[in-house]
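As C-alpha cells, the structure follows; a few thoughts come after it.
The values are calculated or read from the model by the stated rules, or taken from the named source; none is laboratory data. Since the structure is predicted, the reported quantities are computational estimates derived from the model, not experimental observations. FYI the Cβ positions are ideal-geometry reconstructions off the backbone, even for glycines, and counts take in every protein chain you see. Only protein heavy atoms, including side chains, enter the accessible area calculation; ligands, DNA and RNA are left aside. Shrake-Rupley method; radii C 1.70, N 1.55, O 1.52, S 1.80 Å.
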Amino acid sequence: VAATGIGTRITQLAFLPCIGIGAATSTLVGQYIGTKRVEEAVRHVRRALQINFSVTGIICLLIAVFSDWLMGFFTEIDSVVNTGTVFLRVFAASFIFGSTGIVLTRVFQGAGDTVWPALTIGVRLAGFVIVGYGLGWLTRLDELGIWLAYAAAAFIQLLVLSWIYRKGTWQRRKLRSV
C-alpha cells in the first residue's frame, strides 16, 4: 500500500503536462470547430499529439531510469522501494496510453462531444476492475496484476478513442455560442 501511495503521487506529477496539453487542445478545437475551420482543428490535434508523445516519452524514460531513486527519495524501507520501483516501471511502460487518452478525450470535449469521453472512461474503469480482479487475485500476481490491469484498461480506452477520432464525427459537431 505504501509503495502504491508514493508511486501514485509521483505519477500524478507526470500527468500534469498532458492535462495542460489536453486543456489547450480542447479550447482550440472548440474555437476551430465553432468557426468551421475543421482542417485547422485537425492540424492542431496532430501537433498536440506529437508534443504529448514527445513530452510523455521523456517522462517515461526519466521515470523508468530513476524509479528506484524516486522511491528512495520518499522512503528508506527496502520492500517499499522495491515494490514501488516495479509500480513506476509498469507506469512508465504504459503512460503513453493514458496521456494520449487524456488529450483525445479533451479533443472530443472541445468539439462538444461529452458522451464518448464519458463512455470510454466508464469502459476503462469497468475493464480495470474486472481485469484487475482477475490478474490481481485469481492469478496471484497481487499488486502487479492490478497495475498491469490499469495499463491494459488505459490501452483499451486508447484503442476506442483512436477509433472514434478516426471516424471523424467530432469534426462535424455543430457548436453554438451562449
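Spin-label point model (7 Å from Cα, Cβ direction): what's the THR8 to ALA118 distance in nm?
2.5
Rank VAL90, ILE146, LEU161 by how far each Cα sits towards the positive end of the charge dipole of the range 66-178 (+1 on Lys, Arg Cβ; -1 on Asp, Glu Cβ) and give me just the farthest.
After comparing all options, I get LEU161.
Within the chain, what's the longest run with no trypsin sites (Lys or Arg not before Pro) in a DSSP loop and at most 14 other beta-carbon atoms within 10 Å? Give the range, please.
Longest gap between qualifying sites, sites excluded: 38-139.
Where nothing but the Cβ of Lys and Arg (+1) and of Asp and Glu (-1) is charged, how large is the charge dipole of the range 110-178 around its Cα centre, in debye to the nearest 20?
Approximately 580 debye in magnitude.
Treating the beta-carbon of each Lys and Arg as +1 and of each Asp and Glu as -1, no other charges, what is the dipole magnitude of the range 1-73 about its Cα centre, to the nearest 20 debye?
Working: 6 positive and 3 negative charges, 59 e Å.
With only Lys, Arg, Asp and Glu charged at Cβ, the dipole is about 280 debye.
What shape does the range 73-168 have by the C-alpha gyration tensor, where a ≥ b ≥ c are the square roots of the eigenvalues, rounded means a/c under 1.5, and otherwise prolate means a/b greater than b/c and oblate the rest? Walk me through the numbers before you get to the answer.
Values: a/c = 3.16, a/b = 1.89, b/c = 1.68.
Here the range 73-168 falls in the prolate category.
Per DSSP helix of 4 or more residues, -39500 (n - 2.57); summed, then divided by the residues of the chain. What does that give at 222 nm, rounded to the nearest 500?
-30000 deg cm²/dmol
Where a ≥ b ≥ c are the square roots of the eigenvalues of the C-alpha gyration tensor, would you call the chain rounded, which needs a/c under 1.5, or, failing that, prolate if a/b is larger than b/c, or oblate? Working shown, then result.
On the way: a/c = 3.02, a/b = 1.85, b/c = 1.63.
Taking the square roots of the gyration eigenvalues as a ≥ b ≥ c, the chain is prolate.
In the chain, what percent of the accessible surface is made up of carbon and sulfur (1.4 Å probe, ligands and nucleic acids excluded)?
It is 66 percent, rounded to a whole number.
Treating only the Cβ of Lys, Arg, Asp and Glu as charged (+1, +1, -1, -1), what charge dipole size does the chain show about its Cα centre? Round to the nearest 20 debye.
Value, rounded to 20: 1220 debye.
Any idea of the accessible area per residue across the range 64-178, 1.4 Å probe, to the nearest Å²?
Each residue of the range 64-178 exposes 58 Å² on average to a 1.4 Å probe.
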